[in-house]
Amino acid sequence: MTESDTLTSIARIESIIISVRGRKVIVDADLARLYGVTTAALNQAVRRNAPRFPPDFAFTLTAQEKSELITNCDRFRMMKHSAVLPIAFTEFGATMAANVLNSDEAVQTSVFIVRAFFKMRNMLSAGMEIGQKLSALERRLDEHDDSIHDIIAAIRELTSPSPHPARKIGFKADGESG
């Protein structure tokens, strides 16, 4: 597989990763399609190997989450009339699913899935780092603003007329008053 094919595969996988409950996941229908099996076969393998799928690996969506998914993603409209709630797989769950399916296609595809999740995690991390740098820059600018205001106030004080009349400078001759 060429580097271009690899990037295309990773980009395709990134496009199906969604956020549910604050986690990046792949829904069972998409994962089954990637692994070349039916959704029923994937979910059956997961049920048979339930101890391998703790909640941080896979979780069943609620009816409300399923409804939101169908509303927001056209590719899930086929789920609309299904009574079965979809399963969402995290990066670890997707990898574990490849292991329990034990097909060559699933194992190869799981490598791309891990890379896609990794790439997304790096982009998120980079975004957070940029945010932190912007916050630090903003704080520094606020400090500079305060300093500039102090300088302007001092200049105004120096250039404003004195409230007391200035004393005359010089010597007084004897008999001069004032």
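The values are calculated or read from the model by the stated rules, or taken from the named source; none is laboratory data. Predicted, not measured: the structure shown is a model, and the values here were computed from it. Every residue, glycine among them, receives a Cβ derived from its backbone with ideal geometry; neighbour counts consider all protein chains shown.
Considering each residue of the range 14-38, count those that are in contact with a Pro (Cβ under 8 Å, 6 or more places away or on another chain) and farther than 17 Å from Thr95 by Cβ, and give that number.
Within the range 14-38, the subset in contact with a Pro (Cβ under 8 Å, 6 or more places away or on another chain) is 27-29.
Remaining after also requiring farther than 17 Å from Thr95 by Cβ: 29.
Residues flagged as in contact with a Pro (Cβ under 8 Å, 6 or more places away or on another chain) and farther than 17 Å from Thr95 by Cβ within the range 14-38 amount to 1.
One line per residue, one yes/no per condition, for (1) surrounded by fewer than 21 Cβ atoms within 10 Å (Cβ to Cβ); (2) at pLDDT below 90; (3) part of a helix (DSSP H, G or I):
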| site | (1), (2), (3) |
| --- | --- |
| Pro55 | yes, no, no |
| Thr71 | yes, yes, yes |
| Arg77 | yes, yes, yes |
| Ala98 | no, yes, yes |
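Looking only at residues that are surrounded by fewer than 17 Cβ atoms within 10 Å (Cβ to Cβ) and charged (D, E, K, R) in the range 14-32, which one is nearest to Glu105 (Cα to Cα)? Before the answer, list the steps.
We begin by selecting, within the range 14-32, every residue surrounded by fewer than 17 Cβ atoms within 10 Å (Cβ to Cβ); these are 15, 18-19, 21-23.
Retained after the next criterion (residues that are charged (D, E, K, R)): 21, 23.
Working: Arg21: 29, Arg23: 25 Å.
This residue is Arg23.
Let's see how each residue does on (1) over 14 Å from Val20 (Cα atoms); (2) surrounded by 11 or more Cβ atoms within 10 Å (Cβ to Cβ); (3) touching a Cys at 6+ places or on another chain (Cβ under 8 Å):
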position: Asn43; (1), (2), (3): yes, yes, no
position: Arg47; (1), (2), (3): yes, no, no
position: Glu68; (1), (2), (3): no, yes, no
position: Asp74; (1), (2), (3): yes, no, no
Conditions (1) within 22 Å of the chain's Cα centre (by Cα); (2) in contact (Cβ under 8 Å) with a residue 40 or more places away in the chain; number of the one not met by Phe76: (1)
